[in-house]
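**Student:** Following this message is one structure expressed as structure tokens.
Coordinate-derived values only; no laboratory data. What you are looking at is a predicted structure, and each value in this text was computed from that prediction instead of being measured. Note that each Cβ is placed from the backbone with ideal geometry, even for glycine, and that neighbours are counted across all protein chains shown.
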Amino acid sequence: MLWFTSVPDKVAEYAATDDRETRRQIVAKIAASPDKAVAAALEMVGSGRMPIATAVEFLAHFGGDDVFGLLVAGMGAGIESQRIVALTALDRGWMPREVGRLVPLLADGNNHIRAGAETLLLKYPEKLAADKLIPLLKSDNKDQVRKVINLLAHLRSEAGAKAIALLLDSANPWVKKKAIDGLVAIGSKEVIGKLRELLAREKDHDVLKATVHAIGYLGSPIDAVSLVPVLQSDDMVVRQLTVDVIVKIGDSSVVEPVVRLMRSQDRNVRRAAADVLRSLSGPQVGATLVKALKDEDWWVREIAVEALAERADESLNHLVVALLKEDDPYIRRIGAEYFCHVRYAAAFDGLQGLLGDDDWWTRERALIALGRQGDPRAVGLVVRALEDKQIRLAVPEALALIRNDEALVHLQALAAAPDRGIRAKVVAAAALFGGAEGKGLLEPLTNDSDAEISALANRRLADMTTLRMTP
């Protein structure tokens, strides 16, 4: 009995010496009691009396099933240093030949043991077989399921993908989401049908987002059509993600179902549909966007006008000119907004007429649109707008957009205007005008009597100088 009780003392002697021969002799003396030697070493590591590196070196001298079991138990210890030593010893002494013995540990009740097993299994995927892991997916332990999904994803196994896809039928949203993450990691296109099925019935927003993302990663244009109904989700993030994915993978096949959604009573649905259409092409798209210019929702109108401005052509410009004479002020305003982005000579007269509109916002957008046209005839019209108190602050921007000598003269005069609001707008207009002329507008304003305007002018001038110097 004395021999066995001295094992911990011998282990302590091993830790206390650096002499290799002495250590070899100590190991030889306790070789008959490997279980006690391993237990003693782990205890000393946990109490800080044996360095981790020394313990790992010591444990390398012992083998057998008893030692394996002790090291597995060590992976589940409450002290981190013990877990590190046990895992490292298992790795060096038993891996990869004993990888198969780790798989059942994924179902262990100790989360540290499960984590240690996962760490070692991930290190040797070439020794893993999906068929050994798949049965472990059938568990109520979420951590176990997550680890098995992670391992199967690491293997990129088609059999694993099919098994994970079955979890999409789970009643647990967490399980479904982890399954989707695993399928994306595997990159299997064979399960896209299961994802489409889930898309049609799922109510949980987080699962929906994960499903939409997965289809965007794994799917093709035909799958984009299955995403269109999700644009009707009551969750804004889900709708926006769906817009992004449809735009990414969709083609002309989504046009018709998206156009139908533009007739929805829900303005949020129409907004999402319009956002998709702005990235598509074709006669039906253009016609639908033109109709959207008259939508009762301002956001839909804004999306439509920006989308149409990006694809402007003669026929489209002609259609929008007609909107400038509509009875509805919102429609007139959106028509003016379109020409804030698009130059079209035939729009001049209609825009000029809007400078007398009853709606101040329409007058302001018409003023900017006239500037955008770059027509010298607009200079006088723009300058006269200084008499309109509701839109006079837009005059400097409109003049800068015309960008000719006459407009510059008026801007120079406005830079000395008594109204600080006008002078502040000239600072912004100078940057828009650009070039030496724009810098010339800014220079007197750098010494403006108003400290805020002076500081703003100095910043703008510095920015313009830096941009000019940048190669």
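**Student:** If you bin the C-alpha pair distances of segment 141-267 every 5 Å from 0, what whole percents do you get?
**Tutor:** The percentages, shortest bin first, are 2, 12, 22, 22, 19, 11, 8, 3, 2, 0.
**Student:** Here is a follow-up. Could you give log10 I(q)/I(0) at q = 0.15, 0.18, 0.23 Å⁻¹ for segment 1-94, computed by the Debye formula over C-alpha point scatterers of equal weight, without solvent?
**Tutor:** Log10 I(q)/I(0), no solvent term: -0.49, -0.71, -1.19.
**Student:** In whole percent, what relative contact order does segment 1-94 give with Cα contacts below 8 Å and a gap of six or more residues?
**Tutor:** RCO, segment 1-94: 26 percent.
**Student:** Whole-Hz Karplus ³J(HN,Hα) for segment 161-166, in order, using 6.51 cos²θ - 1.76 cosθ + 1.60 and θ = phi - 60°, x for Gly and Pro?
**Tutor:** Values, residue by residue: 4, 5, 5, 5, 4, 5 Hz.
**Student:** Take the eigenvalues of the Cα gyration tensor for segment 212-263, scale each by 5, and report the square roots as semi-axes in whole Å, largest first. Can you show the working numbers first?
**Tutor:** Numbers: eigenvalues 48, 42, 10 Å².
Values for segment 212-263, descending: 15, 15, 7 Å.
**Student:** To continue, here is another question. Helix 34-46 sits at what angle to the longest principal axis of the chain, using alpha carbons and giving 0 to 90 degrees rounded to 10?
**Tutor:** Tilt relative to the chain: about 40 degrees.
**Student:** Tell me, in nm to one decimal, what length is gained between Asp251 and Glu98 on full extension, where the rule is 0.36 nm per residue of separation less the Cα-Cα distance?
**Tutor:** Working: separation 153, 0.36 × 153 = 55.08 nm, distance 5.09 nm.
Separation in residues times 0.36 nm, less the Cα-Cα distance, equals 50.0 nm.
**Student:** Could I ask something else about it? Spelling out what I want: for every residue of segment 309-316, take phi, set θ = phi - 60°, compute 6.51 cos²θ - 1.76 cosθ + 1.60 (Karplus), and round to whole Hz; glycine and proline get x.
**Tutor:** Karplus-based 3J(HN,Hα) across segment 309-316 equals 4, 6, 10, 4, 8, 4, 5, 5 Hz.
**Student:** For segment 326-471, restrict the atom set to alpha-carbon positions and state the Rg and Dmax in Å.
**Tutor:** According to the Cα coordinates of segment 326-471, Rg and Dmax are 15.7, 51 Å.
**Student:** Only helical DSSP H runs with n ≥ 4 go in: add -39500 (n - 2.57) per run for the chain, normalise by residue count and round the 222 nm mean residue ellipticity to 500 deg cm²/dmol.
**Tutor:** Details: 30 runs with 321 residues, N = 471.
Estimated from H runs of four or more residues: -20500 deg cm²/dmol.
**Student:** Further question: Give the cross-link partners of Lys389 among the lysines, using a straight C-alpha distance below 29 Å as the criterion and excluding same-chain residues fewer than 8 apart.
**Tutor:** The qualifying lysines are Lys294, Lys325, Lys425, Lys439.
**Student:** Then there is this: In angstroms, what radius of gyration and Dmax does segment 1-157 have, counting Cα atoms only?
**Tutor:** So, for segment 1-157, Rg and Dmax equal 17.2, 55 Å respectively.
**Student:** If you don't mind, there's one more thing I want to ask. Can you give the angle from 0 to 90° between the axis of helix 192-201 and the longest principal axis of the chain, with both taken from C-alpha atoms, to the nearest 10?
**Tutor:** Helix 192-201 and the main axis of the chain meet at about 70 degrees.
**Student:** Would you kindly state how much longer the chain becomes between Glu80 and Val290 on full extension, computed as 0.36 nm times their sequence separation minus their alpha carbon distance, in nm to one decimal?
**Tutor:** On the way: separation 210, 0.36 × 210 = 75.60 nm, distance 6.59 nm.
Length difference between fully extended and current span is 69.0 nm.
**Student:** Now, a different point. With a 10 Å Cβ neighbour count serving as the proxy for reagent exposure, in which order, fewest first, do Phe68, Phe339 appear?
**Tutor:** Listed from fewest to most nearby Cβ atoms, that is Phe68, Phe339.
**Student:** While we're here: Once Rh is set to the Kirkwood radius over Cα pairs, what Stokes-Einstein translational diffusion coefficient, in µm²/s, holds for the chain at a temperature of 20 °C and a viscosity of 1.002 mPa s? Don't skip to the answer; put the middle values down first.
**Tutor:** Values: Rh = 28.9 Å.
In µm²/s, the coefficient is 74.
**Student:** Next question. Amide H of Asp448 versus every other amide H placed in the peptide plane: which residues, excluding those fewer than 5 positions away on the same chain, fall under 5 Å?
**Tutor:** So Asp448 has HN proximity to Ser454.
**Student:** A follow-up question, please. Calculate how steeply helix 65-75 sits against the longest principal axis of the alpha-carbon atoms of the chain, using the helix alpha-carbon long axis, and give the answer as 0 to 90 degrees to the nearest 10.
**Tutor:** Relative to the chain, helix 65-75 is tipped by roughly 40 degrees.
**Student:** Work out the length of the dipole vector of segment 1-94 about its Cα centre, built from +1 on the beta-carbon of each Lys and Arg and -1 on the beta-carbon of each Asp and Glu, and round it to the nearest 20 debye. Walk me through the numbers on the way to the answer.
**Tutor:** Details: 9 positive and 12 negative charges, 16 e Å.
Here the size comes out at about 80 debye.
**Student:** Then there's this: A 29 angstrom limit on the alpha carbon distance is what I want to check against. Which of Lys142/Lys203; Lys36/Lys127; Lys132/Lys248; Lys127/Lys203 exceed it?
**Tutor:** Lys36/Lys127; Lys132/Lys248; Lys127/Lys203
**Student:** Report the calculated FRET efficiency for Ala322 and Ser281 (r = Cβ-Cβ distance, R0 = 30 Å), to the nearest 0.05. Before the final figure, lay out the partial values.
**Tutor:** Working: r = 23 Å, r/R0 = 0.76.
Here the calculated transfer efficiency is 0.85.
**Student:** Now for a different question. For Glu314 and Arg377, compute 0.36 nm times the residue count separating them, minus their Cα-Cα distance, and round to one decimal in nm. Don't jump to the answer; show the numbers that get you there.
**Tutor:** Values: separation 63, 0.36 × 63 = 22.68 nm, distance 2.19 nm.
My answer for the length gained is 20.5 nm.
**Student:** Right, here's the next one. How large is ³J(HN,Hα), in whole Hz, for each residue of segment 382-397 in order, when computed from phi with the Karplus curve 6.51 cos²θ - 1.76 cosθ + 1.60 and θ = phi - 60°, using x for Gly and Pro?
**Tutor:** Ordered by residue, 3J(HN,Hα) equals 5, 4, 5, 5, 4, 7, 8, 4, 7, 10, 4, 5, 8, 4, x, 5 Hz.
**Student:** For all pairs of alpha-carbon atoms in segment 273-314, what percent lies in each bin of width 10 Å, listed from the first bin to the last filled one?
**Tutor:** Binned Cα distances yield the sequence 33, 61, 6.
**Student:** I've got another one for you. Express in whole angstrom the spacing between the alpha-carbon centres of segment 321-355 and segment 248-267.
**Tutor:** About 28 Å separates the Cα centre of segment 321-355 from the one of segment 248-267.
**Student:** While we're looking at this one, here's another question. Considering the dipole of segment 200-275 built from charges on the beta carbon (Lys and Arg +1, Asp and Glu -1) around the Cα centre, which of Val254, Ala274, Ser233 is farthest to its positive end?
**Tutor:** Most positive-ward Cα: Ala274.
**Student:** Could I ask something else about it? So how strong a dipole does the chain carry about its Cα centre when Lys and Arg Cβ are +1 and Asp and Glu Cβ are -1, to the nearest 20 debye?
**Tutor:** Value, rounded to 20: 920 debye.
**Student:** Give the residue from Thr362, Leu414, Gln373 lying farthest towards the positive end of the charge dipole for segment 357-450; charges sit on Cβ (+1 for Lys and Arg, -1 for Asp and Glu) and the dipole is referred to the Cα centre.
**Tutor:** Comparing the listed Cα positions along the dipole, Gln373 ranks first.
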